[in-house]
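Every read-out reported here was derived from the displayed coordinates using simple, explicitly stated rules and does not represent laboratory data. Predicted model, so just to flag it, every value in this text is computed and none were measured. Cβ coordinates were reconstructed from backbone atoms using ideal geometry, including for glycine residues, and neighbour counts include every protein chain displayed.
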């Protein structure tokens, strides 16, 4: 009767290695979660970036410790990108039971899936694009340009108090509607420009809004898969939007392509 498996490997990512029959194991240093030693387990021209661990999940009730683990996890993935280029990132706390031989068997079993995903993102990385606008600035421009609002404004000044109140409510409703229409039109135009320069893009509805942008309205948020040779062109185009009065653009990356890898395939 065999005993319980006493060791495991924590998986950070799958990377593409040198174009040869099988790469050698590489030591990435003590950069893993809780300063664990991170290394590669190669199979043919791919490798898993891992550290040795016990066959159990990383669990804690301390929020600060949990956040530190996630930061360390992300750091290893970022370091892997710098070393190897394209990587298939894994979510926090993916642990496979067994030693390096078990990891090699897992890589062999899933080789075609891993290779296909690595080819998809080869020479590319994920970038975040968020476009914000100042509601008051946009509303002010619309007030100056819309003839109906101009006419309603002049009437408010001469109507009785009751009629002026109702008219002001209609003005506010119209202004709110026009701002919504204008922002939707601007988002559509930005989408057209961005989509021309990226391989794939997805609306990113879960992106956290940094504190410095809290006073602005979010016009659009995208996750973009961008070829390395198109990044600077995309940055220049976004900079043009950023210089428009009342607009700000947040352009982040490069990141591992979390949004463009089939998560079910990598389980």
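Note the angle between two axes, namely the Cα long axis of helix 63-84 and the longest principal axis of the Cα atoms of the chain, as a number of degrees from 0 to 90, rounded to the nearest 10.
Helix 63-84 sits at roughly 80 degrees to that axis.
For residue 95 and residue 25 in the same chain, what is the full-extension length gain: residue separation times 0.36 nm, less their Cα-Cα distance, in nm?
Gain on extension, residue 95 to residue 25, equals 23.3 nm.
Using the alpha carbons of the chain, what is the convex hull volume per residue in cubic angstrom, as a whole number?
It is 179 Å³ per residue.
Relative contact order, percent, of the chain when contacts are C-alpha pairs under 8 Å separated by at least 6 residues?
22 percent
Viscosity 0.890 mPa s, temperature 25 °C: give me the Stokes-Einstein translational D for the stretch 72-159 in µm²/s, with Rh taken as the Kirkwood radius over C-alpha pairs.
Translational D for this selection: 131 µm²/s.
Mind jotting down the three principal axis lengths of the stretch 8-122 based on Cα atoms? Whole angstrom, largest first.
Computed over the stretch 8-122, the largest-to-smallest principal extents equal 44, 27, 23 Å.
May I ask you to derive the relative contact order of the stretch 125-260, considering only C-alpha pairs under 8 Å and at least 6 residues apart, and to give it as an integer percent?
Rounded, it is 49 percent for the stretch 125-260.
If one takes the longest principal axis of the Cα atoms in the chain, at what angle in degrees, from 0 to 90 and to the nearest 10, does the Cα axis of helix 147-156 lie?
Between helix and principal axis, roughly 60 degrees.
Take every Cα pair under 8 Å in the stretch 49-186 that's 6+ residues apart, average their separations, divide by the length, and report that relative contact order as a whole percent.
With pairs under 8 Å counted, the relative contact order is 18 percent.
Mind giving me the nanometre distance, one decimal, between the label points for residue 217 and residue 229, set 7 Å out from Cα along Cα→Cβ?
4.0 nm
Can you give the percent of C-alpha pairs in the stretch 125-260 whose distance is more than 19 Å?
57 percent
Please give the Cα centre distance for the stretch 223-258 versus the stretch 148-197, rounded to the nearest Å.
29 Å
Measure off 7 Å from each Cα along the Cα-to-Cβ vector at residue 245 and residue 57, then give the distance between these two points in nanometres to one decimal.
5.4 nm
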